[in-house]
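Q: Here you go, one structure.
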Amino acid sequence: MAENNTDTKSSNQMWGGRFASGPDAIMEEINASIGFDKKLFAQDIRGSIAHATMLAHQGIISSDDKDKIVHGLNTILSEIESGTFEFSRRLEDIHMNIEARLTTLIGPAAGRLHTARSRNDQVALDFRLWVKEELQKTERMLTGLIAAFLDRAEEHAESVMPGFTHLQTAQPVTFGHHCMAYVEMFGRDRSRVRHAIEHLDESPIGAAALAGTGYPIDRHMTAKALGFREPTRNSIDTVSDRDFAIEFLSIAAITGMHLSRLAEEIVIWSTPQFGFVRLSDAFSTGSSIMPQKKNPDAAELVRAKTGRINGSLIALLTIMKGLPLAYSKDMQEDKEQVFDAAESLELAIAAMTGMVRDMAVNTARMKAAAGSGFSTATDLADWLVREAGLPFRDAHHVTGRAVALAESKGCDLAELPLADLQAIHSAITDKVYDVLTVEASVASRKSFGGTAPSEVRKQIAFWRARN
């Protein structure tokens, strides 16, 4: 293991001369964040290299010191990535752990790295970089999920299924159209991700503790080196802002809600009572006592992950709601919420993408169910308006009587004799049967964004072009 200077004296260096002794055990326990913020090591080192390079370019530190700092930081990066770096709780956080190790490696030159910056803008930078990278990862994963749905939609552009309102059979739709509804949902999520990246694309480094710095730094140089559009424009807001983290959690919560709705449908569809889809063993488990059971555990766990993500959002909103400007130690509690939500979201998207591609669709069962519950009743009402000239409210009443008659006879609307229909309204002719099948119903819905297979294919083409 690499050696770190972790004695009490070195751990107190960050406190300066103000404190004669270090924090006691309780203070150390509540103050330390290294247990979770070590996840930011790559961002911290990347930011420090950019900062040191800028300091040398501006003549604030020597090129020799800069070279030593950069070499030392790259050495530390290798140690952490190889698992040989020893993290110390006494050094509180990732920043001081790296700085202490850098001092051991290169000596006094390490002390020049912190010129013109504070841990306040340093952690704001590290966290912002991490969230930006996580959002970029989320964007890629959502693109993969959308692609999975586009493939299933194309495969089932003509596969008829029942459309539901109130979980009651409403009108026939196609399974392809239903899949495209989720494309729209996750497309909005991806759009929010892209906007969030644009919102946070400003570099905090150089804001220092809260007031900026008197050194002649070049914040545009560090912003460019770190891949940001520009530096932040107000030093107080810079160190107190966690909107980017809250926005990430908000996006995660909305996306998680969409994933949960999909998971709920998969759970319902995979029941014997519905039998619309079947998940393979890769996404199912059995029962410890009932050998016939095949449980959609992956979908259920995706549904449950939403609770964790929502909790993280509420936690960070609560942490931030009463904080005066600028930085307060409360903000140390921001990272665990984001890290946990990001892990949950990644897993949920990956699992759902796998299930969408994995599930076997029982088109025969779907088609049979599509005709249940008098799902073509609206088509009858529309026919009466279009062909017989009835006002829609009158057509609605006539259709209601036809449904009641079919229900009393135990048959579908398409199975009612013409004489029975004409007894309800004389304007009905045998042409009405052309619209009473589920296939005819679906094919007729050619309005933009409708469920007709031709419209579904247009939307698939639209999304493939932008995905």
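Q: Just round it to a whole percent: the fraction of Cα-Cα distances in the stretch 369-465 exceeding 21 Å.
A: Result for the distance tail: 36 percent.
Q: Then there's this: At 1.4 Å probe size, with every protein chain present, just tell me what the per residue accessible area of the chain comes to in Å².
A: Accessible area per residue, the chain: 47 Å².
Q: Ignoring any ligand, DNA or RNA, what whole percent of the accessible area of the stretch 119-362 comes from carbon and sulfur when the probe is 1.4 angstrom?
A: 53 percent
Q: Between the DSSP loop rule and a limit of at most 14 other Cβ atoms within 10 Å, which trypsin sites (Lys or Arg not before Pro) in the stretch 348-455 are left?
A: Those satisfying the criteria are 446.
Q: For the chain, what D do you get in µm² per second when you plug the Kirkwood radius from alpha-carbon pairs into Stokes-Einstein at 4 °C and 1.567 mPa s?
A: Roughly 49 µm²/s, to the nearest whole number.
Q: Quick one: order 96, 359 from most to least accessible surface, probe 1.4 Å.
A: 96, 359
Q: Sticking with this structure for a sec: Give me the angle, in degrees from 0 to 90, between the Cα long axis of helix 41-57 and the longest principal axis of the Cα atoms of the chain, rounded to the nearest 10.
A: For 41-57 against the chain, the angle is about 50 degrees.
Q: Cross-link partners among aspartates and glutamates for residue 321, C-alpha distance below 15 Å, same-chain residues fewer than 8 apart left out?
A: Straight-distance partners of residue 321: 237, 241, 243, 247, 330, 333, 334.
Q: Could you calculate the contour length gain from residue 257 to residue 401, that is, 0.36 nm times the residue separation minus the distance between their Cα atoms, to one decimal place in nm?
A: Here the segment from residue 257 to residue 401 would lengthen by 47.9 nm.
Q: Could you tell me the distance between the Cα centroids of the stretch 384-453 and the stretch 206-245, to the nearest Å?
A: If we compute the Cα centre of each part, the gap is 66 Å.
Q: May I pose another question? So what's the back-of-envelope 222 nm ellipticity for the chain, counting only DSSP H runs of four-plus at -39500 (n - 2.57) apiece and dividing by all residues, rounded to 500?
A: -20000 deg cm²/dmol
Q: What does the accessible area of residue 169 come to, in Å² to the nearest 10, when a probe of 1.4 Å is used?
A: Ignoring ligands and nucleic acids, residue 169 comes out at about 40 Å².
Q: Students often forget the sequence filter, so: which lysines lie under 27 Å Cα-Cα from residue 409 once same-chain residues fewer than 8 apart are removed?
A: Cross-link targets: 367, 431.
Q: If you don't mind, another one. Restricting to DSSP loop positions (anything but H, G, I, E, B) with no more than 16 other Cβ atoms inside 10 Å of their own Cβ, which trypsin sites (Lys or Arg not before Pro) remain in the stretch 195-257?
A: Answer in residue order: 229, 233.
The values are calculated or read from the model by the stated rules, or taken from the named source; none is laboratory data. Keep in mind that what you see is a predicted model, and the values were worked out from it rather than measured. We place every Cβ from the backbone using ideal geometry, glycine too, and count neighbours over all the protein chains shown. Note: areas computed on protein heavy atoms with side chains; ligands, DNA, RNA excluded. Shrake-Rupley method; radii C 1.70, N 1.55, O 1.52, S 1.80 Å.
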